[in-house]
Amino acid sequence: MINNSDRKSRPQVVLVNRAIVINKEGEILLLKRSKKDDYMPGKWELPGGKLDTGQDISNALEREVLEETGLVVIPQDKVVYWHSKILSSGKYKGLPYVVLVGMTKSLGGKVKISFEHDEFNWVSKEEIFDYDLVNETRASLSVLEKKLS
């Protein structure tokens, strides 16, 4: 049995779940971060975000995409890429940071971005690396591109 003092010694973790959303044309959805954001303003990223305390990861992918885009998606693969590191700056400095990227298909509909983003674009695989991407988005798409080649 684990007592409370054991739990307090465990590190908190910043867990981020992102989705590669693909439409019927085979394009990938990118969102442009708000210019007002403290973290990488104006850069392009995949839909997703941090899990909050008490949230279950089992449906986080679908929920995050719905919150940020208004789209309903079907997961094809819950984790196609993952990365972890210890954060060296910001409000989560010193905490483990884990990002999980899954693959989903959009069931259609119109994108309605949240306040966290200024723009969206459906992008072909050939032009996606022409965008100014957030580092984790670039890394996950690069790994996926190699797997699919």
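The values are calculated or read from the model by the stated rules, or taken from the named source; none is laboratory data. The shown structure was predicted, so the numbers you read here are calculated from the model rather than taken from an experiment. Cβ placement follows ideal geometry from the backbone for every residue including glycine, while neighbour counts extend to all protein chains displayed. Areas reflect the complete protein model, heavy atoms only, side chains present, ligands, DNA and RNA absent. Shrake-Rupley method; radii C 1.70, N 1.55, O 1.52, S 1.80 Å.
I'd like to know if segment 58-65 contains one or more residues that are open to solvent by 30 Å² or more (accessible area, probe 1.4 Å) and part of a strand (DSSP E or B).
First, the residues of segment 58-65 that are open to solvent by 30 Å² or more (accessible area, probe 1.4 Å): 58-59, 62-63.
Within this subset, residues satisfying the condition of being part of a strand (DSSP E or B) are none.
No: zero hits.
Considering only segment 93-105, state which residues are in contact with a Lys or Arg (Cβ under 9 Å, 6 or more places away or on another chain) and more than 22 Å from Ser142 (Cβ to Cβ).
Pro96
If you take the residues of segment 14-31 that are in contact with a strand residue (DSSP E or B) (Cβ under 9 Å, 6 or more places away or on another chain) and assigned to a loop (DSSP other than H, G, I, E, B), which of them is nearest to Ser124 (Cα to Cα)?
Glu27
Only one of (1) in contact (Cβ under 8 Å) with a residue 12 or more places away in the chain; (2) charged (D, E, K, R); (3) over 16 Å from Val16 (Cα atoms) fails for Glu116. Which number is that?
(3)
For segment 103-145: of the residues being farther than 18 Å from Tyr39 by Cβ and of a type in the set (A, V, I, L, M), which is surrounded by the most Cβ atoms within 10 Å (Cβ to Cβ)?
Leu141
Looking for whichever is open to solvent by less than 50 Å² (accessible area, probe 1.4 Å), in contact with a helix residue (DSSP H, G or I) (Cβ under 7 Å, 6 or more places away or on another chain) and of a type outside the set (D, E, K, R) here; the options are Val98, Val73. Which one fits?
Numbers: Val98 fails: in contact with a helix residue (DSSP H, G or I) (Cβ under 7 Å, 6 or more places away or on another chain).
It is Val73.
Going by the structure shown, is Tyr92 over 14 Å from Ile20 (Cα atoms) and buried (at least 18 other Cβ atoms within 10 Å of the Cβ)?
It is false that Tyr92 is over 14 Å from Ile20 (Cα atoms) and buried (at least 18 other Cβ atoms within 10 Å of the Cβ).
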